[in-house]
Amino acid sequence: MCGLCGALGAADHWSSGGKGVASMTPAAERYRQASAVNAVLNHYGLRLKVWNDRYVLSGRTGKSAVVDHLGQLWPLAEAFAGEVIDPLDPKLLSKMREA
């Protein structure tokens, strides 16, 4: 992918927080969100990283895609995983409790 595509700004989304929602900087909030999301994605062999005010989703095969906000993440993550991602899956919740 061309680096310029990832450098262009993304539209605001409600999952980005907003004014007065968090006392963190926007960058710190993105890292916090990525960490929380990775607790679920790791179960499916996926990884989310913060990159240039956006996210990059990576799959098991090395495939990756730029994600503007968390609203775009889940359909793409399911496509990468090849299955429905259920954050309330009992096996996933059990694994997360053990970690």
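The values are calculated or read from the model by the stated rules, or taken from the named source; none is laboratory data. All figures in this text were calculated on a predicted structure; none of them were measured in a lab. Methodologically, a virtual Cβ is constructed for each residue, glycine included, from the backbone with ideal geometry; neighbour enumeration extends over all protein chains shown. Side chains are part of the model used for accessible areas, which takes the heavy atoms of the whole protein and leaves out ligands, DNA and RNA. Shrake-Rupley method; radii C 1.70, N 1.55, O 1.52, S 1.80 Å.
Observations on the structure shown:
Conditions (1) buried (at least 18 other Cβ atoms within 10 Å of the Cβ); (2) of a type in the set (Val, Ile, Thr); (3) at pLDDT 85 or above, marked per residue:
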residue: Leu8; (1), (2), (3): no, no, no
residue: Asp12; (1), (2), (3): no, no, no
residue: Gly17; (1), (2), (3): no, no, no
residue: Gly20; (1), (2), (3): no, no, no
residue: Ala39; (1), (2), (3): no, no, yes
residue: Val50; (1), (2), (3): no, yes, yes
residue: Ser58; (1), (2), (3): no, no, yes
residue: Gly71; (1), (2), (3): no, no, yes
residue: Asp86; (1), (2), (3): no, no, yes
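- Condition met for Gly62 (open to solvent by less than 70 Å² (accessible area, probe 1.4 Å), more than 16 Å from Ile85 (Cβ to Cβ) and at pLDDT 90 or above): yes
- Filter result (open to solvent by 30 Å² or more (accessible area, probe 1.4 Å), among the small types (Gly, Ala, Ser) and either at pLDDT 85 or above or under 21 Å from Ala99 (Cα atoms) (or both)) within the stretch 22-37: Ala27, Ala28, Ser35, Ala36
- Qualifying residues in the stretch 47-72 (those that are within 14 Å of the chain's Cα centre (by Cα) and of a type in the set (Ser, Thr, Tyr)) - the one farthest from Val37 (Cα to Cα): Ser64
- Residue satisfying all of: in the stretch 25-46; touching a Lys or Arg at 6+ places or on another chain (Cβ under 7 Å) and of a type outside the set (S, T, N, Q); farthest from Gly82 (Cα to Cα) among these: Ala34
- Residue pairs whose Cβ atoms lie under 6 Å apart, sitting 6 or more positions apart in sequence or on different chains, and linking a residue in the stretch 25-42 that is touching a residue at least 60 places away in the same chain (Cβ under 8 Å) to a partner that is in a helix (DSSP H, G or I), are Ala39/Met96.
- Members of the stretch 73-84 found to be closer than 26 Å to Ala27 by Cα and either open to solvent by 90 Å² or more (accessible area, probe 1.4 Å) or under 9 Å from the mean Cα position of the chain (by Cα) (or both), listed by number: Leu73, Trp74, Ala77
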